[in-house]
Amino acid sequence: MDSSVTEDPGNFSIGWSVPLAIVIAAVLVIGAVFFDTLKDMVSTWSKFGYFYYGHCILVAPISAWLIWSKRRRLAQITPSPEYRVLSLMLPAGLAWLLAYLAEVAVAQQAALIACTILVVWLILGTRVVKTLAFPLGFLFFALPISTEGLLPFLMDFTANFTVFLVRISGFDAVQDGTSFMIGNHRWVVVELCSGNLYLTLIITAGVLFSYLTAKSWWRRLLLVGFTLTIPLISNLVRTYLIVLTFELDVPQLGPLKEHEIFAEVGFWLTVTVLFLLGFLVRDPPAKKGESKTIVPVRPARQPARLPAGPFISAALTALAAVLIWPGLGYAIDRVESERIPVPRTALQELGGVAGWQGLIDLSKNSFGESKVPVEAKFHRLYGNGRQLVFLYVCQYRRLTQCMADVEHMQYVMARGDRDGKKSRPIHRRIHFGERTLEVIQTQIEEMQGSVLSWHWYRYGNRSNTNRALAQLTEVWSRLTGGSEEVATIILSTERVKDRAGGEQALQSFAESMLTGIEQALLKAHHQPTN
């Protein structure tokens, strides 16, 4: 039996005016201090179309609306600070600090949302947070989480079942991985065909809709399950229809236009189906003639205004527990050396090995705005006959800035702007002699050619492609004052027509020059820094 709820909305506005004002002030302070983290999150939303992260803009307003819709229930609760939440603020704040030092943006943003929720919890108490559990937890859907990790599965799923549907439709199809042949027509399921474009949007909408339409947990879980499966089926149907319209010689608008139309139709069809399923699995309405048990409502009385002292103390305690972490992060940035030695002299002397010669030093040419100091990187063009390879070595305590620097350079070489298409990175094992080197291969494609690149990380005598491990090593070195610096090594071709020729040029350069590069890095590691 539900407790009685007063019909006097003034109970909330008067009784909650003080704690609500203090919570809002605390949240605004957190937003001001963590402004850079919030700005990065908002900028990520705006970089992509509404299929990707456009829905994230609506998460905070929806959460605020959900909180406001519970004001009558909150009027029955007297907020009271909960200081035991401080034990949870330690791991949340530490997570933000580690993510800040490692420059993992989405982890910083998740930790910031967690800290904000914990601040609200500490100030208002457990009963309030239990009532607002979903509206507060819904804020995590504002995170611009990438679905690229699901691309291999989504592409394989789409290719396999598209071929299955094509075959039962009477066509002979020969499949090879994510590509298949129908007669003389070759089809390839690429990233845009995987259905990942609106996956996070559909999941967010499905979770919200399940909360609004169903009260029992099993109904909510059932609708969330539909949310996870229907986009896969919708994308599969979309891909099948594109293939079918082509094979049946249906009048076409052009491959790109058809993809766009089917994507739009598939998206809105998915949303419509989810709403219909939500209507079907919603809690049944009360039968005619039945009435809910109503608890007599006592005469409303004006609640006393809560004293501000306890809530101000709780807010100051919560802010101190949260704001200490950005303070530590900025302190670490100030005390650590901004200059990390790259063996510039040693690397500049490399040349003349197996026909490879250093041609142009590009270290001072950042191809635009660069946050990497000139002394922290080495960038040079090498040539061997008609083969040209760019070597970029960055030994700086900001791995993401190293990668951003060279990525911008690759786009410049490919086309001069960012209209080029960057392929999904693949891991490769390169064999030369008795040695094996694991690299990450990426390709920026453009109509007139493409830029191929290999990159990996080097610290001490070890090389690997695990960016998380490299960033953890970097963070540990920064926190402990260690000297094991992480170097990012990137080899890039010029704009080439033939991918195989580009790979051959990169391998030839690595076979000839890699030993000298590693020896120069190791030598610099043991030299004293200024």
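What follows is calculated from the coordinates using simple rules that are stated; it is not laboratory data. This structure is a prediction, so every number in the text was calculated from the model and none was measured. Glycine also receives a Cβ, built like all others from the backbone with ideal geometry; neighbour counts cover every protein chain displayed.
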Original post:
So how far apart, in nm, are the two label points at residue 519 and residue 71 if each is 7 Å from Cα heading toward Cβ?
Top reply: 7.5 nm
Original post:
So, by mean Cβ neighbours within 10 angstrom, what's the order for 164-176, 309-321 with the highest one leading?
Top reply: 309-321, 164-176
Subject >> Residue-span extension gain [residue 353 to residue 461] - 0.36 nm each, minus C-alpha spacing >> reply: 36.7 nm
**OP:** Using a Förster distance of 22 angstrom, determine the FRET efficiency expected from the C-beta separation of residue 146 and residue 186, and round it to 0.05.
**Re:** 0.15
Subject >> Linear extension gain, residue 134 paired with residue 364, 0.36 nm per residue minus alpha-carbon span >> reply: 77.7 nm
Subject >> Ordering of 451-458, 87-94 by burial proxy (mean other Cβ atoms within 10 Å per residue, highest first) >> reply: 451-458, 87-94
Original post:
Once you put a point 7 Å from the Cα of residue 426 and another 7 Å from the Cα of residue 46, both along the Cβ direction, what distance in nm separates them?
Top reply: 3.7 nm
**OP:** Can you tell me how much longer the chain between residue 224 and residue 499 gets when fully stretched, taken as 0.36 nm per residue apart minus their C-alpha distance, in nm with one decimal?
**Re:** 94.7 nm
